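Structure, as structure tokens:
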Amino acid sequence: MKFGWRIVKTGIAVCLCVLIAHLLHLEYPFYSAIAAVIALQATLADSFKQGVNRLKGTLVGAAFGYLFALVAINNPLWIGLGVVVTFVVLNHMRWNEAMNIASIVFIAITLNIEGDPLNYAFNRLADTALGILIAFLVNWLVFPPKYKDEVENAFDKSRDQVIKIYRLAFRALLDSEKSVDKEAIQDLKESIKHSKKLVTLSRRVNLWGKVDETFRLVYVEPMNRLERMSFAVEQILALRKGWIRPFSAGLERDLTKLLSQSFYLLSLIMDPKALVAPSIYLETTVLMKLIHDSIETEQNYAGSNKGYLLELLHWVEEITKAASGCLRID
């Protein structure tokens with residue numbers, strides 16, 4: 001587990017819960033502290049969601065616990081029936097996330113041999129509300145979660161991996177003795193997965209998780225491009241199994257040139273402000289069209305590799321389109 005501010009904030013929230021519970025002379029600070037631990041999540045939106053779910057469960061569990069306690073306390077069959085009824089009601093209300101805490105509160109009240117069940121139920125509700133409130137305030141005010149820098153770093157890492165693996169995959173097409181390490185492909189997949197997770201967290205940093213135009217441009221579109229490029233690279237790598245060698249001299253020359261040109265364009269996504277990007281993109285697309293025309297018109301150009309070459313051009317085109325989006329080329 002990575003040590004981060006969430007761990008520190010959880011400790012702060014628990015400390016405040018216990019301290020405030022003592023100041024207010026609450027009988028069971030344990031419940032406030034537990035509520036705070038559960039409610040303090042990675043983002044404010046998640047904290048809010050967890051807090052609401054716990055409050056729902058506590059409210060329903062306390063209500064049914066009190067009603068069933070009026071009939072009998074500490075009765076095994078009665079308690080079991082009560083848990084079933086509580087679950088049925090929550091399921092009907094579509095509050096399934098609140099089932100666990102509702103059953104815990106229900107059992108705690110119906111097993112409370114001493115004291116007034118109503119008072120006990122009210123105290124559990126107050127304890128939970130206090131813990132949730134403290135967790136939300138701590139998450140909001142103390143080192144609030146910000147993922148912008150983490151997302152940018154993750155994007156840069158994924159882009160760098162895509163660029164390197166693209167070059168290796170293309171070289172493996174041209175030279176049967178070349179290959180791409182499977183671990184490199186797996187690392188790229190894990191990197192893309194991590195980037196996607198950070199984008200999701202960034203979306204939920206906003207309390208309601210709304211996606212505006214700025215968020216779409218900064219996070220969503222770059223993530224989509226990365227996924228497209230990663231998938232295209234994997235498809236290019238898979239093509240090498242079907243190639244029939246040797247290639248014609250013209251095809252060998254043009255593919256080598258396409259590798260150089262498209263790799264140059266792709267490498268520019270690490271420097272989106274590069275002035276040469278539009279001209280490199282244009283040269284790459286023109287070269288792809290020339291290769292496509294040669295495949296269709298020159299009988300000995302592609303040989304038995306025609307289908308594979310057309311598919312290769314499709315995936316290279318996908319990569320160049322994604323790269324042009326990163327470079328803001330109209």
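Each reported figure results from applying straightforward, stated rules to the coordinates on display, with no laboratory input. These figures come from a predicted structure and were not determined experimentally. Every residue, glycine among them, receives a Cβ derived from its backbone with ideal geometry; neighbour counts consider all protein chains shown.
Given a Förster radius of 35 Å and the C-beta distance between Lys321 and Arg6 as r, what FRET efficiency does 1/(1 + (r/R0)^6) yield to the nearest 0.05?
With a Förster radius of 35 Å, E is 0.35.
Quick one: Karplus J couplings for region 238-243, per residue in order, coefficients 6.51, -1.76, 1.60, θ = phi - 60°, nearest Hz, x for Gly and Pro?
Karplus values, whole Hz, x for Gly and Pro: 5, 5, 4, 5, x, 5.
Sort Glu252, Glu183 by Cβ crowding within 10 Å, fewest neighbours at the top.
If I rank by nearby Cβ atoms, fewest first, I get Glu183, Glu252.
What is the diffusion coefficient of region 220-322 in µm²/s, taking the Kirkwood radius over Cα pairs and the Stokes-Einstein relation at 20 °C with a viscosity of 1.002 mPa s?
Calculated translational D: 149 µm²/s.
Compute the distribution of all C-alpha to C-alpha distances in region 1-82, in bins of 5 Å from 0, and list the percent of pairs in each, rounded to whole numbers.
P(r) for region 1-82, in whole percents per bin: 3, 13, 16, 17, 17, 14, 10, 7, 3, 1.
Taking the 0 to 90 degree range and rounding to the nearest ten, how far is the long axis of helix 44-71 tilted relative to the main principal axis of the chain, both from C-alpha atoms?
Helix 44-71 sits at roughly 30 degrees to that axis.
Could you identify which residue out of Gln299, Gln235, Gln50 has the top mean-square fluctuation in a GNM of the chain using Cα springs shorter than 10 Å?
Gln299
If one takes the longest principal axis of the Cα atoms in the chain, at what angle in degrees, from 0 to 90 and to the nearest 10, does the Cα axis of helix 5-23 lie?
So the inclination is approximately 10 degrees.
Projected area of region 5-141, taken from the Cα convex hull and averaged over every viewing direction, in nm²?
Spelled out: convex hull of the Cα atoms, projected over all directions, averaged, 8.0 nm².
Quick one: Cα centre-to-centre distance for region 76-111 and region 278-330, in angstrom?
62
Treating each Cα of region 62-194 as an identical point scatterer and ignoring solvent, apply the Debye formula and state log10 I(q)/I(0) at q = 0.15, 0.16, 0.17 Å⁻¹.
-0.80, -0.86, -0.92
Considering the values (i) 1.23; (ii) 1.17; (iii) 1.12, which represents Rg/Rh (Cα atoms, Kirkwood Rh) as calculated for the structure under consideration?
Given (i) 1.23; (ii) 1.17; (iii) 1.12, the calculated one carries the label (i).
Distance from a point 7 Å along Cα→Cβ of Leu24 to each backbone N in region 83-113: keep the residues under 13 Å and list them by number.
Of the residues in region 83-113, none has backbone N under 13 Å from the label point off Leu24.
Would you list, by chain and number, the lysines whose Cα falls below 29 Å from the Cα of Lys49, excluding same-chain residues fewer than 8 positions away?
Lys2, Lys9, Lys146, Lys148, Lys193, Lys196, Lys197, Lys210
Can you give me the angle between helix 29-39 and the longest principal axis of the chain, using Cα atoms only, in degrees from 0 to 90, rounded to the nearest 10?
20
Please return the longest stretch of the chain lacking exposed loop sites, where trypsin sites (Lys or Arg not before Pro) count only if DSSP places them in a loop and at most 15 other Cβ atoms lie within 10 Å.
That would be 3-93.
Taking Cα centroids, how far is region 221-258 from region 142-193 in Å?
Taking the Cα centre of each part, region 221-258 and region 142-193 sit 16 Å apart.
Applying the Karplus parametrisation 6.51 cos²θ - 1.76 cosθ + 1.60 with θ = phi - 60° to the phi angles of region 257-270, what ³J(HN,Hα) value in whole Hz is obtained for each residue in order, glycine and proline being reported as x?
5, 5, 4, 4, 5, 5, 5, 4, 4, 5, 5, 6, 5, 7
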